Amino acid sequence: MSGTDEPLPSVPDDPRREALDAMVDREALDPRDELEKTTYRTDLGIAMAEDARRVGRGELSSEAYWQKYDRAAAAEFGDDYRETPNPAVDRAEQTIDDEIAESLSCSVGSMDGVAESLEGVAAEESEGEGDEKWGMVIDLQKCVGCDSCTVACKAENRTPPGVTYNVVMEEEHGEYPDVTRTNVPRPCMQCDNPPCVQVCPVSATYKMENGVVNVDYDRCIGCRYCMIACPYGARYFDFGENYDDEVDGAGEIQSPEYGVDRGPRTDGESPVGNVRKCSFCTHRLNRGEEPACVETCIGDARNAGDLNDPDSEVSKLADSSRAFQLKEAEGTDPNVYYLK
Amino acid sequence: MSTITDITERYDPGFRSETVRYAWYGLLAVLLLVGGWATWRRLTVGMASTNLSSVTPWGAWVAFYIYFVGLSAGAFLVSTLANVFEVEGFEQIDRDALFAAVVSMVVALLFVWVDLGRMDRMYYPFVWRQPTSALSWEVHAYVAYVAVLVTELYFSMRLDLARVAARARGWRATLCRLLTLGRTSTSAASGRTDRRWLKRTGLVGIPLAIFMVHGGTGVLFAVAKARPYWNSGLFPIIFVVSAVVSGTALVTVLYVVRTKLIAGDAVDRDLLDRLGQLLAAFVVTDAALTAIEALIAINSLHPHELETWLVVLFGEMSWSFWWFMVGFGWVFPLVVLSKRSWRRSPFPAASAGLFVVVGIVAVRFNIVVPPQILPVMEGLPHGSYVPSTVEWLTSLGIVAVGLLLYSLGAEILPLKPLESTPHGGDDT
């Protein structure tokens, strides 16, 4: 692999690209025409702009640039020039300070400030890391039964035929004409007392500290006892089937479930022959994203978050009088709550 | 007591008729070939070659696995009637029972193996464990149990192995000498030592077989709270009782067949009578406990239990309940065994046994499959399961492996005691 001219894999070398570039050039405004509409010097503006591009390309240092133009700019723009902060020369970090930002009514504050506040958030998050107990609250009044969570889940986790980490169960109550229908989405409940963990003979499935029940595909022997034990039918066996007939290259990559990249899907290699289930999209949670089903839900019926944080939305929802768990009598204590 | 000529004459291993031998091994060869093809399909296609699904993850292989564990535990418990409880006449079937128990365990473990999604990881339960998992305990119990069985078989047979080694010639003598593990004495004292240790090992084996091996296999199902049909305290007990039913039946069949085809002796009618009475008593107990279990389930009005019983009684495979479980397993043997002259005759007694042995297969299927037809939650899809061709044929092949092992053992090893006086040694 050498040569920058080689096309990137997956980015086809499109012959229309030159035409597109030409279109951009055609649409670009003529700088001279534009600057002539102002009261300031056109030639100075063009010279400064061209040298600014050289600074951008690294052909000219910003010190040299300002040495060259400081006096001319001061003469041309006067007080406005002196009062406007210039991050490039005022501060080594090329930022403006809060006061100036305030005076210019920059709504986001100085970039420095933004960066600092981000660091603050990150620091808070890292303090909390390790104490989360991921939970989910599904509002049955908001669920319209569109099944997009199921679809998003299949796309995100690239599950094979017959493996569906999330399903939407439909319940009909009453008799015509007084019929109501409840849609109950069913991910893995990530039980606090998981019967599946209890029965696994090789401890291949276990509860992680963040509350998610993990399946170690490198240890699972495929005995399927956990599927017998699960009261929610949330576990699926990977029989090795594929979508190859439906989708070209369906098995070329697999979802990095539990943060492990397993490369292309191969016959006889895990997770084929293993038991699989919803992981609350652990790989997404680890990079600060919501599970795919939560993100995609059109009615905002699904909420995911930290049940250990009493201020989190899921904690508050899970505490509401509408909240219940599926099959509470089983003693499994699910971390998925439903709102009546 | 026995003389050298007696021993060598009586140690006449192998089928008495060459025709029977060729026919039998020919049949086994066909079954093994068919089973081999199916196993090859299982290995190359993977679990997709089965009719299993995520709704019904356990099927024929699991049913056969618990069937053969039960057969083994049952046969073993019959052997303890000879070597621990010293019931008169039972010493004749001691080794048949023990050897059948060993072979059944081999067959059972082959079924577990072929059923694993990752067959290459079959040794993992010995590397990683889970103390709350019945299955984790079970695999260890199976190993201990097979060790007990092999030890017992050794102590039960060692004296005769030593006799054959000393007085016969050729490769059989060499093999038998190897199997004595160097203890080649044929003295009465060494026989007494063997019997003492046989009894001790048998005593260890009884609780192991009842509570751990087969009771434990019942527990494996009974702890699954998600499946109310299994989740009962009576369930592991029925498991053990039906195991004893099938084990007694199997030993009866093996005794008659070996006596007729290999030993060529007269069948001991008193022994048949006792076996028949035992079998009848066990069948009645099994049927009664099953009825109690069904009544408790139906009276609970628990929808899942009710519907599962409806699946058993009237579902897609209800024929297996009515014909095989009730008909073959209970009614036919009880009718045959109720008449004294029938249960004392080899043919009726052996057919009653054979019907039970086949009938209990249906018992195992009706344990494993029905609670996996109904979904665990309303709104999830229903299951539907009938074993695939690959599942049936691999099962046939694995059973043929067991039959082959047993036939070879019956032909080569002195499974029939070399003397009629029980527990004898040579008074030399």
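The values are calculated or read from the model by the stated rules, or taken from the named source; none is laboratory data. Bear in mind that the values here come from a model prediction, so they are computed numbers and not experimental data. Cβ atoms come from the backbone with ideal geometry, glycine included; neighbour counts cover every protein chain shown. Side chains included, ligands, DNA and RNA excluded: accessible areas come from the protein's heavy atoms. Shrake-Rupley method; radii C 1.70, N 1.55, O 1.52, S 1.80 Å.
Report, by residue number, each residue of segment B:266-299 that is touching a residue at least 24 places away in the same chain (Cβ under 8 Å) and farther than 23 Å from B:Trp330 by Cα. First the steps, then the outcome.
We begin by selecting, within segment B:266-299, every residue touching a residue at least 24 places away in the same chain (Cβ under 8 Å); these are B:267-280, B:282-287, B:289-290, B:292-293, B:296-297.
Listed by number, the residues that qualify are B:Val267, B:Asp268.
Failed condition for B:Tyr229, given (1) farther than 21 Å from B:Leu109 by Cβ; (2) more than 14 Å from chain A (Cβ to nearest Cβ); (3) of a type in the set (Ser, Thr, Tyr); (4) open to solvent by 10 Å² or more (accessible area, probe 1.4 Å), with all others met?
Of everything listed in (1) farther than 21 Å from B:Leu109 by Cβ; (2) more than 14 Å from chain A (Cβ to nearest Cβ); (3) of a type in the set (Ser, Thr, Tyr); (4) open to solvent by 10 Å² or more (accessible area, probe 1.4 Å), B:Tyr229 misses just condition (2).
Regarding B:Trp319, is this residue free of Cβ contacts under 8 Å to residues at least 12 places away in the same chain and at negative phi?
yes
I'd like the residue in segment B:61-85 that is in contact (Cβ under 8 Å) with a residue 60 or more places away in the chain and either within 14 Å of chain A (Cβ to nearest Cβ) or assigned to a loop (DSSP other than H, G, I, E, B) (or both) and, out of all such residues, is surrounded by the fewest Cβ atoms within 10 Å (Cβ to Cβ).
Once the filter is applied, the top-ranked residue is B:Val84.
Here's a check for you: in segment A:207-252, which residue that is among the aromatic types (Phe, Trp, Tyr) and more than 9 Å from chain B (Cβ to nearest Cβ) is nearest to B:Asn231 (Cα to Cα)?
The selected residue is A:Tyr217.
Please go through segment A:151-172 and pick out each residue that is away from every other protein chain (no Cβ under 11 Å) and either open to solvent by 30 Å² or more (accessible area, probe 1.4 Å) or without any contact (Cβ under 8 Å) to a residue 60 or more places away in the chain (or both).
The answer is A:Val151, A:Lys154, A:Ala155, A:Glu156, A:Arg158.
One line per residue, one yes/no per condition, for (1) over 20 Å from B:Val241 (Cβ atoms); (2) under 21 Å from the mean Cα position of the chain (by Cα); (3) open to solvent by less than 60 Å² (accessible area, probe 1.4 Å):
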site	(1), (2), (3)
B:Asn299	yes, no, no
B:His302	yes, no, no
B:Glu305	yes, no, yes
B:Val311	yes, no, yes
B:Trp319	yes, no, no
B:Val326	no, yes, yes
B:Pro333	no, yes, yes
B:Ser338	no, no, no
B:Trp342	yes, no, no
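Just to be sure before I move on: is B:Thr44 within 14 Å of chain A (Cβ to nearest Cβ), open to solvent by 10 Å² or more (accessible area, probe 1.4 Å) and part of a helix (DSSP H, G or I) in the structure I sent?
Criteria met by B:Thr44.
Do we have any residue at all in segment A:253-260 that's more than 7 Å from chain B (Cβ to nearest Cβ) and modelled with pLDDT of 95 or more? Quick ask: steps written out before the conclusion?
First, the residues of segment A:253-260 that are more than 7 Å from chain B (Cβ to nearest Cβ): A:253-260.
Next, from what is left, pick out any that are modelled with pLDDT of 95 or more: none.
Looking through segment A:253-260, none of the residues is more than 7 Å from chain B (Cβ to nearest Cβ) and modelled with pLDDT of 95 or more.
Within segment B:117-133, is there a residue that is assigned to a helix (DSSP H, G or I), acidic (Asp, Glu) and open to solvent by 10 Å² or more (accessible area, probe 1.4 Å)?
Yes.
Applying the selection to segment B:94-140, what residues are small (Gly, Ala, Ser) and either out of contact with any strand residue (DSSP E or B) (no Cβ under 9 Å at 6 or more places or on another chain) or more than 9 Å from every other protein chain (Cβ to nearest Cβ) (or both)?
If the condition is that a residue be small (Gly, Ala, Ser) and either out of contact with any strand residue (DSSP E or B) (no Cβ under 9 Å at 6 or more places or on another chain) or more than 9 Å from every other protein chain (Cβ to nearest Cβ) (or both), then B:Ala97, B:Ala100, B:Ala101, B:Ser104, B:Ala108, B:Ser133, B:Ala134, B:Ser136 are the ones that fit.
Could we say that A:Pro201 is within 7 Å of chain B (Cβ to nearest Cβ), over 18 Å from B:Ser54 (Cα atoms) and of a type outside the set (A, V, I, L, M) here?
Taking the combined requirement at face value, the residue satisfies it.
Tell me yes or no: at least one residue of segment B:392-404 is touching an Asp or Glu at 6+ places or on another chain (Cβ under 9 Å) and touching a residue at least 60 places away in the same chain (Cβ under 8 Å).
The answer is no, given that none of the residues of segment B:392-404 is touching an Asp or Glu at 6+ places or on another chain (Cβ under 9 Å) and touching a residue at least 60 places away in the same chain (Cβ under 8 Å).
Which one of these is under 18 Å from B:Met47 (Cβ atoms) and more than 9 Å from every other protein chain (Cβ to nearest Cβ): A:Thr266, A:Thr282? Walk me through it before giving the result.
Numbers: A:Thr282 fails: under 18 Å from B:Met47 (Cβ atoms).
Result of the check over A:Thr266, A:Thr282: A:Thr266.
Restricting to helices (runs of 4 or more DSSP H) lying wholly in segment A:266-340: which have 3 or more residues that are open to solvent by 40 Å² or more (accessible area, probe 1.4 Å)?
A:313-319
Taking B:Val245 and the conditions (1) open to solvent by less than 10 Å² (accessible area, probe 1.4 Å); (2) touching a Leu at 6+ places or on another chain (Cβ under 6 Å), which numbered condition does it fall short on, given that it satisfies the others?
B:Val245 satisfies all of (1) open to solvent by less than 10 Å² (accessible area, probe 1.4 Å); (2) touching a Leu at 6+ places or on another chain (Cβ under 6 Å) except (2).
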